[in-house]
Amino acid sequence: MGEKMLITQALDERDLLVKKINDKITKAGFVDTVKVNEEKVFDKRITREEFTRQAESAYQQIQDLIRRFERIDSAIVASNAATKITTSYGTFTVAGAISLRSRMRDSGSYGEEADFEKQLIEKMKYEYDHRVQQSEMKNKVLQTTAENMRISILGKDSKVKEDKPLEVVETYVKENTTELVDPLDVKKMLSELEEKRITLLSELDTQIKVSNATTFIEVE
């Protein structure tokens, strides 16, 4: 029968083991030197026998801690692969949820390259803003051109311009006006994508924490 513990406890111990193992390795002494005519080793200033005993003990302790780490880590991985959580955007294994959360926070194996949702949002936002600005600028130039055409044809008398609109100028403006081609309704889609991203990340955080605080594992 193995030792039962909550995932939260296992995660804490796993983190502690990382520190303990590295600390043990740093402080341990495995090789030293000694003069033939002296009893104590150069660095530790203890006898060969004591140095041998300490080296063997330190090595064994490190190996035991590593095995403990591996057993806990293996139990966590197995549990995460089997335990499921539910969000408003679907059901995931805890392992899948952790991977998705990491990917969406640019902390996965591929960094920001795998944060597809963020890249899509930024691309759509940039393109929409750029095209709106582009069309506004082109239409502003068009209005200036149209105004110059009116003045050229009718002169500068504003009353004449108002009373006698020129069909040719209006047709020119209508045919040369720049419009957005926005089949996806990007502004609406951006709002939905951003809301989904924020909500999903929040739900993943919450559900992973709840799962870790309520799920038991057995460490052999």
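Only residues of region 1-23 count here: report those whose backbone N is under 13 Å from the spot 7 Å along Cα→Cβ of Ile66, or say none.
Under 13 Å, as judged by backbone N against the label point of Ile66, lie 21-22 of region 1-23.
Based on the inverse mean of 1/r over its pairs of different Cα atoms, what is the Kirkwood hydrodynamic radius of region 1-102, in Å?
16.9
How far is helix 48-82 tilted off the main Cα axis of the chain, in degrees rounded to 10, range 0 to 90?
40
For the chain, what is the relative contact order in percent, using Cα pairs closer than 8 Å and at least 6 residues apart in sequence?
Worked out over the chain, it gives 32 percent.
Greater than 22 Å separation of Cα atoms is the criterion. Which listed pairs, Lys84/Lys123; Lys84/Lys187; Lys4/Lys209; Lys188/Lys209; Lys4/Lys24; Lys125/Lys174, meet it? Kindly include the intermediate steps, with their values, before the conclusion.
Numbers: Lys84/Lys123 33 Å; Lys84/Lys187 34 Å; Lys4/Lys209 18 Å; Lys188/Lys209 32 Å; Lys4/Lys24 26 Å; Lys125/Lys174 28 Å.
Distance filter (> 22 Å) returns Lys84/Lys123; Lys84/Lys187; Lys188/Lys209; Lys4/Lys24; Lys125/Lys174.
Can you give me the long-range amide H partners of Thr87? Hydrogens built in the peptide plane at 1.01 Å from N, cutoff under 5 Å, separation of 5 or more residues or another chain.
HN-HN under 5 Å from Thr87: Phe92.
Pull up all non-local amide H partners of Ile46: gap of 5 or more, or a different chain, and H-to-H distance under 5 Å with H placed in the peptide plane.
Residues meeting the criterion, in which the H sits 1.01 Å from N, are Val41.
Using only the Cα atoms of region 50-112, build the gyration tensor, take square roots of its eigenvalues as a ≥ b ≥ c, and label the shape rounded, prolate or oblate: rounded if a/c is under 1.5, else prolate if a/b is larger than b/c, else oblate.
The shape class here is oblate.
Working with all protein chains in place, sort Met189, Met5 by solvent-accessible area computed with a 1.4 Å probe, largest first.
The ordering from most to least exposed comes out as Met189, Met5.
Would you check the accessible area of Asp64, probe 1.4 Å, heavy atoms only, in square angstrom rounded to 10?
Per-residue accessible area (Asp64): approximately 70 Å².
Just name one of Gln63, Ala97, Val77: the one whose Cα is farthest towards the positive end of the charge dipole of region 1-150 (beta-carbon charges, Lys/Arg +1, Asp/Glu -1).
Going by the charge dipole, the pick is Ala97.
Given contacts defined as C-alpha pairs under 8 Å and at least six residues apart, what's the relative contact order of region 48-145, whole-number percent?
Value for region 48-145: 10 percent.
As I understand it, the value is the acute angle between the Cα axis of helix 167-176 and the longest principal axis of the Cα atoms of the chain; what does it come to in degrees, rounded to 10?
Once rounded, one gets 10 degrees.
Taking H placed 1.01 Å from N in the peptide plane, check which residues at least 5 places from Val34 or on another chain put their amide H under 5 Å from its amide H.
Phe42
Contour minus end-to-end for Asp23 and Ser57, with contour as 0.36 nm per residue of separation and end-to-end as the Cα-Cα distance? Walk me through the numbers on the way to the answer.
Numbers: separation 34, 0.36 × 34 = 12.24 nm, distance 1.47 nm.
Length difference between fully extended and current span is 10.8 nm.
In degrees between 0 and 90, to the nearest 10, how far off the longest principal axis of the chain does helix 116-154 point, with axes built from Cα atoms?
Rounded to the nearest ten degrees, it is 20.
Any idea what the dipole of the chain comes to, in debye rounded to 20, about its Cα centre with Lys/Arg Cβ at +1 and Asp/Glu Cβ at -1?
The calculated dipole for the chain is roughly 340 debye.
How many nm is it between the label spots at His130 and Glu147, if each spot is 7 Å from the Cα in line with the beta carbon?
2.9
Efficiency by 1/(1 + (r/R0)^6): what FRET value for Lys196 and Ala82, r their Cβ-Cβ distance, R0 = 25 Å, to the nearest 0.05? If you can, show how the numbers build up before the last one.
Working: r = 27 Å, r/R0 = 1.07.
Using R0 = 25 Å, I get an efficiency of 0.40.
Rounded to whole Å and sorted largest first, list the principal axis extents of the Cα atoms in region 116-220.
Extents along the principal axes, in whole Å: 95, 21, 19.
Explain nothing, just compute: Karplus ³J(HN,Hα) = 6.51 cos²θ - 1.76 cosθ + 1.60, θ = phi - 60°, for every residue of region 213-219 in order, whole Hz, x for Gly and Pro.
Those phi angles translate into 7, 10, 9, 9, 10, 10, 9 Hz.
Once the piece of chain linking Thr206 and Glu13 is laid out straight, how much longer is it, given 0.36 nm per residue of separation minus the C-alpha distance between them? Show your work: numbers first, answer last.
Values: separation 193, 0.36 × 193 = 69.48 nm, distance 2.13 nm.
Result for the pair: 67.4 nm of gain on full extension.
Quick check: with the 1.4 Å probe, what order do Phe51, Phe30, Phe216 take by accessible area, largest first?
Phe216, Phe30, Phe51
Evaluate the distance, in nm, between pseudo-label points positioned 7 Å from the Cα of Val31 and of Lys4 along their respective Cα→Cβ axes.
4.8
The values are calculated or read from the model by the stated rules, or taken from the named source; none is laboratory data. Small disclaimer: the values here were computed from a predicted structure and weren't measured. Quick reminder, even Gly has a Cβ in these numbers, built from the backbone with ideal geometry, and neighbours come from all protein chains shown. In case anyone asks, the SASA skips ligands and DNA or RNA and just uses the protein heavy atoms, side chains included. Shrake-Rupley method; radii C 1.70, N 1.55, O 1.52, S 1.80 Å.
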